Every structure is written in C-alpha cells, then in structure tokens.
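Peer 1: I am attaching a structure below and will ask some questions about it afterwards.
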Amino acid sequence: MTVQTVGELLRQWRHRRRLSQLDLAIAADVSARHVSLVETGKSNPSAAMVLRLADQLDVPLRDRNRLLLAAGFAPRYAERALDDQALSAARAAVERVLRAHEPYPALAFDRRWDIVLTNRAVEPFFVDVDPVLLRPPVNLVRLGLDPRGFAPMVVNLGDVRAMFRSRVRRQLAVAPDAELAALYAELLEPGAEDASELSVESDVVIPMILRVDGRELRLFSTITTFGTPMDLTLDEVAIESYYPADEESAAYFEDSGR
C-alpha cells in the first residue's frame, strides 16, 4: 500500500476545491512558492501550516487528522461516541433540538447517514419496518428507499431518491469516503427507472409525500449542523427536522402528539 505524503494529500484537496497554488497561497497568506515546495515535498510544513492550509481548503476534521499524520504530527481532533461523557453537553443540545421539534419528526445522523438519535415523533414510522433494517446501525438512506422500510409509504419515491442521490454525490465530491461510495453504488446509482425522476438540487427544501393512515402527509425538511466543532463526531453529525407543508399535515402530527 502506497503511503501518500502530506504534500500529495494537500495537492489532491486543492485540485478537489479547484484552486490554483496562487489561490491557496493568497487565501492562507503564504507565498505560492511555499505552497509549491510543500506539495512537492521540498519543504516540511509545521503542524500550524498544515492546519492553516487545511482550513482554507475546507478539509473535514477527519481528513485534517490524516494530513497531520502524513506530516509526522499527532492527530489534533478526537473522535468520541455521542454518548461519551466528554460530549454530554453536545448530546444534550442535540436531544433538546429534537424534543423541541415535536410533535413533528426530527432525527440526527452521521456522515454515513446512520441514525444516532430521533425524537418521539419518528417512532410510529418504524412500526411496519422490517426488524432487519432496524438493527444498528440504522441507515437513513436504506431505510428510506428499501421496500422493507419507508419506501411503500413514500408517494414520490423517485423525488426522494433523487434528493438522496444529489446530497450523497455532493458529499462524496467534498470528502471522498469508501463506505459512503459503496452505499451510493448500492442504492443510488442511476438506472433506467430514474428517467422520470426530478433533479433535486436543494438541501433546504426536500419534497416528501407520505401516505399514512389513508391520508397524504406533505413534508419538507431542514438540516442543522454544529458550528466550528472540534470533535470528529460533532463535525459529522447533522440534524434533519421535518415540517408540515400544509394544514392537513400539521393537524395529523399535532393530533398524534397529544
């Protein structure tokens, strides 16, 4: 297995962000020559320089650790489970956000779309799901598209699949991940059946129509993330909150929550 140098990794991230060496140098307030020397391995960057360049390249915290290791330094960012005592305040904050959104559904998931927390409004939707899909880790993409999961109740399944495809594709473009790529290949690779699907390009308003108890519920959702996290888990956790798109849908959840 070939071990990449910090310069090679930085060059890959720069190309991924479509920046020239001069662009990166100006953003990081260093000379273009220094960026070139780092990328070619002719200069060994300090840990501070690695992090400065990584910050301008918007490198995820997990990959910043890889850059530091490649440069010969210890990782800077810890990774703890969300139920770790050190993250108790953050977990409490997530739980508070989820509870506050009731009676409407909300859940938190990680970078691979594995669900880490939900509020009570989500629980009724799990009743008819095949127990196999509910074995941890429960993956939101698989849950949403699998015929044994939510798929039978999703009226506009094609639109939802297109939304998942768009978001996962952009995730992979920002930060490649082998397991996420495998999930994309398994569930989201475009096929002939996708010809009539809409192209969903927005992460702010997600169209979803569910058929529940003989009525159609129309929902949209928003995504919330932690600002400036210093822990890998928090960097990769997102909260998805679902809102009713009409009065009838709102009434369904409000009646159910009583």
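Peer 1: For helix 157-174, report the angle its Cα long axis makes with the longest principal axis of the Cα atoms of the chain; keep it between 0 and 90° and round to the nearest 10°.
Peer 2: Tilt relative to the chain: about 10 degrees.
Peer 1: Just order 68-75, 110-117 by mean Cβ neighbour count inside 10 Å, highest at the front, would you?
Peer 2: Highest mean packing first, the order is 110-117, 68-75.
Peer 1: As an exercise, take the mean of 1/r over every pair of distinct alpha carbons in the chain, invert it, and state the Kirkwood radius in angstroms.
Peer 2: Hydrodynamic radius (Kirkwood, Cα pairs) of the chain is 20.5 Å.
Peer 1: Compute the long axis of helix 6-16 from its Cα atoms, compare it with the longest principal axis of the Cα atoms of the chain, and write down the angle in degrees, 0 to 90, nearest 10.
Peer 2: Computed tilt is about 50 degrees.
Peer 1: How would you rank 144-150, 175-181, 51-57, highest first, on the average number of other Cβ atoms within 10 Å across their residues?
Peer 2: Working: 144-150: 17.9, 175-181: 13.3, 51-57: 19.4.
In decreasing order of mean packing, 144-150, 175-181, 51-57 become 51-57, 144-150, 175-181.
Peer 1: Note the angle between two axes, namely the Cα long axis of helix 247-256 and the longest principal axis of the Cα atoms of the chain, as a number of degrees from 0 to 90, rounded to the nearest 10.
Peer 2: Computed tilt is about 80 degrees.
Peer 1: Still on this structure: Got the relative contact order for the chain handy, in percent, Cα pairs under 8 Å and 6 or more residues apart?
Peer 2: Relative CO of the chain lands at 18 percent.
Peer 1: Moving on to the next point. In a shell of Cβ-Cβ distance under 12 Å around Thr40, excluding Thr40 itself, what net charge do Lys and Arg (+1) and Asp and Glu (-1) give?
Peer 2: With Lys, Arg at +1 and Asp, Glu at -1, the net is +1.
Any read-out appearing in this document is the output of simple, stated calculations on the displayed coordinates, not a laboratory observation. Keep in mind the model is a prediction, meaning the values are calculated, not measured. FYI the Cβ positions are ideal-geometry reconstructions off the backbone, even for glycines, and counts take in every protein chain you see.
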